[in-house]
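Undergrad: Here it is, the structure in full.
The values are calculated or read from the model by the stated rules, or taken from the named source; none is laboratory data. Just so it is clear, the model here is predicted, and its values are computed rather than measured. Ligands, DNA and RNA are excluded from the accessible area calculation, which covers all protein heavy atoms including side chains. Shrake-Rupley method; radii C 1.70, N 1.55, O 1.52, S 1.80 Å.
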Amino acid sequence: STPVAEYAAQAPEELRPAIERELGAVDPLRWVALARQGSLLLQNGRTDEVVPRAALQALAEAAGSAAEVRWYDQGHAPSPAAYEDQLDWLAERLDLDGSIVEGATPGP
């Protein structure tokens, strides 16, 4: 079974065909292979209650060297540590140093 089918399987039966159709069109597995090496940060919760672990792992595998994969002790919602890592990772790639808006506190 595909990750989209696994995700849809968690929904009420009558909604599954629509979910598979809609999510299938935007399934990241279709597009992630186009990413350049080192251009993605995939942040996953070890106890994600929304996206099945198989889908998270399949995306990481499909991304290959384009992605840096980090796992967090969290569910689907990002933790403060994940937000901080995300901002640091992006700032490094954009060669940013310090607050982008003068006087603003960086981070969530």
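Undergrad: Just one of the numbered conditions (1) open to solvent by less than 50 Å² (accessible area, probe 1.4 Å); (2) modelled with pLDDT of 85 or more is not true of Pro3; which one?
TA: Pro3 satisfies all of (1) open to solvent by less than 50 Å² (accessible area, probe 1.4 Å); (2) modelled with pLDDT of 85 or more except (2).
Condition check ((1) open to solvent by less than 70 Å² (accessible area, probe 1.4 Å); (2) in a helix (DSSP H, G or I)) across all residues:
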{"site": "Pro17", "(1), (2)": "no, yes"}
{"site": "Glu20", "(1), (2)": "no, yes"}
{"site": "Ala25", "(1), (2)": "yes, yes"}
{"site": "Leu41", "(1), (2)": "yes, no"}
{"site": "Leu56", "(1), (2)": "yes, yes"}
{"site": "Asp85", "(1), (2)": "yes, yes"}
{"site": "Leu90", "(1), (2)": "no, yes"}
{"site": "Glu102", "(1), (2)": "no, no"}
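Undergrad: Right, next: Which of the residues spanning the range 27-39 are open to solvent by 40 Å² or more (accessible area, probe 1.4 Å), among the hydrophobic types (A, V, I, L, M, F, W, C) and more than 21 Å from His76 (Cα to Cα)?
TA: Hits for the range 27-39 are Trp31, Ala33, Leu34.
Undergrad: Under the condition of being in a helix (DSSP H, G or I) and open to solvent by 70 Å² or more (accessible area, probe 1.4 Å), which residue from the range 64-83 is farthest from Leu34 (Cα to Cα)?
TA: Pro80
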